[in-house]
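Report on the structure given below.
The values are calculated or read from the model by the stated rules, or taken from the named source; none is laboratory data. These figures come from a predicted structure and were not determined experimentally. With ideal geometry, Cβ positions are generated from the backbone for all residues, glycine too; neighbour counts draw on all protein chains shown.
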Amino acid sequence: MLNYPQIDPVALALGPLKIHWYGLSYLVGIGLCWWLAQRRQKQSVWTKDDIDDMLFYLSLGIILGGRFGYILFYNFQSWLENPLILFQVWNGGMSFHGGLIGVLIASFILAKKRGKTFFQLTDFIAPFVPIGLFCGRIGNFINGELWGKTSDVAWAMRLPCDDGRFYQRFCEYGQQWSAPHHPSMLYEALLEGIVLFILLFWFSVKPRPRMAISGLFLIGYGCFRFLVEFVRLPDAHIGYLYASWLTEGQLLSAPMIIAGLIMVFLAYFYKNNKTEVK
């Protein structure tokens with residue numbers, strides 16, 4: 001068994017101003033995605049100015065969509081009781097599915113502004129997204145959130161009971177360490193981040209029919225997230241939606257898988273979709 005390293009979620013404190021690792025992880029992820037997009041810009045239909053606009057529009061989509069999505073999907077009742085929690089991003093609370101909706105809206109606006117199609121943009125950015133997801137999941141780990149069920153696997157982690165983040169949910173009175181738990185956020189970092197990144201970059205090296213890369217992203221993320229949810233604990237205030245297995249994350253990921261399958265099918269078999277793009 002492993003012990004969770006007691007990492008201070010605050011990276012830097014300047015008086016009342018506190019900079020959290022969670023926020024920095026998002027900045028690093030967005031920065032890496034922008035750098036990779038710059039590297040592949042010459043092999044695409046996009047200009048350097050387009051890439052800079054993507055950084056602005058898509059960052060807004062991620063942050064606004066992610067936060068609003070978290071409130072809507074996972075914490076709506078608490079928001080009704082205290083609307084100010086919408087702005088307390090340092091405590092965590094970003095929804096991938098909300099961020100995805102935000103990115104799709106931003107992509108639609110930017111593609112229209114640049115005179116390109118929606119899928120030209122989403123096919124271009126899809127291979128970079130897993131890097132941002134990886135950084136976000138590392139931020140979850142440092143924040144000490146999104147733990148999995150108890151387990152006896154060799155890499156399961158015990159959580160320190162003297163840390164207020166874990167005491168109420170994971171510890172019994174008098175315990176020094178909790179029972180070992182699956183580090184499910186690290187599973188997601190591996191699958192949604194590294195594995196999906198390798199898969200999408202390998203797939204996008206050659207020209208593909210429009211929608212195919214975007215569809216593969218939806219399938220890959222949806223499947224990986226759906227699987228990890230079997231060992232990841234649901235939010236305490238939500239619990240399981242059905243019996244002891246269906247979670248909010250699975251409910252939101254299933255439509256992604258279905259939509260991705262439809263998009264890949266249309267990309268390869270719809271007779272009017274013959275345009276191949278990188």
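All but one of (1) under 21 Å from L199 (Cβ atoms); (2) at pLDDT below 95; (3) among the β-branched types (V, I, T); (4) within 24 Å of the chain's Cα centre (by Cα) hold for I257, so report the exception by its number.
(2)
Can you say whether I30 is modelled with pLDDT of 85 or more and either buried (at least 19 other Cβ atoms within 10 Å of the Cβ) or of a type in the set (V, I, T) (or both), as far as the supplied structure shows?
Numbers: modelled with pLDDT of 85 or more: yes; either buried (at least 19 other Cβ atoms within 10 Å of the Cβ) or of a type in the set (V, I, T) (or both): yes.
Considered against the rule, which asks whether it is modelled with pLDDT of 85 or more and either buried (at least 19 other Cβ atoms within 10 Å of the Cβ) or of a type in the set (V, I, T) (or both), I30 comes out as yes.
Output the residues belonging to segment 201-259 that are part of a helix (DSSP H, G or I) and among the aromatic types (F, W, Y).
So the first thing to find is which residues in segment 201-259 are part of a helix (DSSP H, G or I), and the list is 201-204, 212-228, 248-259.
Result: F201, W202, F203, F217, Y221, F224, F226.
State all residues of segment 169-182 that are without any contact (Cβ under 8 Å) to a residue 60 or more places away in the chain, closer than 18 Å to V153 by Cα and of a type outside the set (S, T, Y); if no residue qualifies, say none. Quick ask: steps written out before the conclusion?
The initial filter retains those residues of segment 169-182 that are without any contact (Cβ under 8 Å) to a residue 60 or more places away in the chain, namely 170-176, 178-179, 181-182.
This time we only want the ones that are closer than 18 Å to V153 by Cα, so: 170, 178-179, 181-182.
Of everything in segment 169-182, those that are without any contact (Cβ under 8 Å) to a residue 60 or more places away in the chain, closer than 18 Å to V153 by Cα and of a type outside the set (S, T, Y) turn out to be F170, A179, H181, H182.
Does segment 6-27 hold any residues that are exposed (fewer than 13 other Cβ atoms within 10 Å of the Cβ) and among the small types (G, A, S), and which are they?
A13, G15
For residues that are crowded, with 18+ Cβ neighbours inside 10 Å and in contact (Cβ under 8 Å) with a residue 40 or more places away in the chain, scanning just segment 221-248, find the one that is farthest from the chain's Cα centre (by Cα).
L233
So, in segment 54-93, of the ones that are touching a residue at least 60 places away in the same chain (Cβ under 8 Å) and within 22 Å of F201 (Cα to Cα), which residue ends up farthest from the chain's Cα centre (by Cα)? Don't jump to the end; show me each part of the working.
Looking only at segment 54-93, we keep the residues that are touching a residue at least 60 places away in the same chain (Cβ under 8 Å), and these are 54, 58, 62, 73-75, 77-78, 89-90, 92.
If we keep only those that are within 22 Å of F201 (Cα to Cα) as well, we get 54, 58, 62.
On the way: M54: 18, L58: 14, I62: 9 Å.
Filtering segment 54-93 for residues that are touching a residue at least 60 places away in the same chain (Cβ under 8 Å) and within 22 Å of F201 (Cα to Cα), the one farthest from the chain's Cα centre (by Cα) comes out as M54.
List the pairs whose first member sits in segment 253-271 and is farther than 8 Å from G215 by Cα and touching a residue at least 24 places away in the same chain (Cβ under 8 Å), whose second member is assigned to a helix (DSSP H, G or I) and among the basic types (K, R), and whose Cβ atoms are under 6 Å apart, counting only residues at least 6 apart or on separate chains?
S253/R225
Please name all residue pairs, on different chains or six or more residues apart, with Cβ atoms under 7 Å, provided the first residue is in segment 121-150 and is free of Cβ contacts under 8 Å to residues at least 40 places away in the same chain and farther than 30 Å from A212 by Cα and the second residue is part of a loop (DSSP other than H, G, I, E, B) and hydrophobic (A, V, I, L, M, F, W, C).
Close Cβ pairs satisfying both conditions: T150/A179.
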